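Inspection log for the structure reproduced underneath, given as structure tokens.
The values are calculated or read from the model by the stated rules, or taken from the named source; none is laboratory data. Source: prediction; values computed, not measured. In this analysis, Cβ positions are derived from the backbone assuming ideal geometry, glycine residues included, and neighbour counts consider all displayed protein chains. Only protein heavy atoms, including side chains, enter the accessible area calculation; ligands, DNA and RNA are left aside. Shrake-Rupley method; radii C 1.70, N 1.55, O 1.52, S 1.80 Å.
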Amino acid sequence: MLPLRHALRWQAVSAALLLIVLASAVMPAVWLWPDQVRIESWVDHLDKWAHLLTFAFLAVWFAGQYRRDAYWRIAAGLVGFGILIELCQRMVGYRSAELFDIGADVAGVIIGLLIGLAGAGGWSQRFEDWYATREAGTGVD
């Protein structure tokens, strides 16, 4: 982890984000309305994009808190998390596990880490520096 002033807070928010993603993945689908067939066909395509964007976001989030030499651990952890999500979805009767969801997760992780390598990595440290400078300028502790 990067030398962050508020490392425990970043870790707590990270854990909360992972729990929110997991809970969202195993909760009953909100699109099960009376016109279920029409809505489900629309959501089928949206689902893969949701996986890709969620895992890209998570990869950028963690790239902001870890050095570049730890990106492979971020990738392994997030891919494992994606597999865990699919296993949990398989265990609940109202969701289904799909191999293509894991593919979308992997694509999202790759995209997110490429964004991290392109300059977004370490963003949390830059945020803390900006915030400390802002607070020092106002005289507020």
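Amide H contacts under 5 Å for residue 97: 90, restricted to partners 5 or more places along the chain or on a different chain, H placed in the peptide plane at 1.01 Å from N. Average accessible surface for the chain: 63 Å² per residue, computed with a 1.4 Å probe over protein heavy atoms with every protein chain in place.
Modelled spin-label separation between residue 127 and residue 97, with each label point placed 7 Å from Cα along the Cα-to-Cβ direction: 3.3 nm.
The apolar share of the surface of the chain, taken as the fraction of accessible area on carbon and sulfur atoms (1.4 Å probe, ligands and nucleic acids excluded), comes to 70 percent. To the nearest ten degrees, helix 36-63 and the longest principal axis of the Cα atoms of the chain are 20 degrees apart. Remark: spin-label model distance residue 46-residue 7 equals 4.1 nm, labels positioned 7 Å along the Cα→Cβ axis. Here the Karplus relation 6.51 cos²θ - 1.76 cosθ + 1.60, evaluated at θ = phi - 60°, turns the backbone of the range 70-79 into coupling constants of 9, 4, 5, 5, 4, 4, 4, x, 6, 5 Hz, with x for every Gly and Pro.
Its DSSP H runs of at least 4 residues, each contributing -39,500 (n - 2.57), put the calculated 222 nm mean residue ellipticity of the chain at -25000 deg cm²/dmol, to the nearest 500. The HN-Hα couplings worked out from phi for the range 12-25 by the Karplus form 6.51 cos²θ - 1.76 cosθ + 1.60 (θ = phi - 60°) are 5, 5, 4, 5, 5, 4, 5, 5, 5, 5, 5, 4, 5, 6 Hz, whole numbers, x standing for Gly and Pro.
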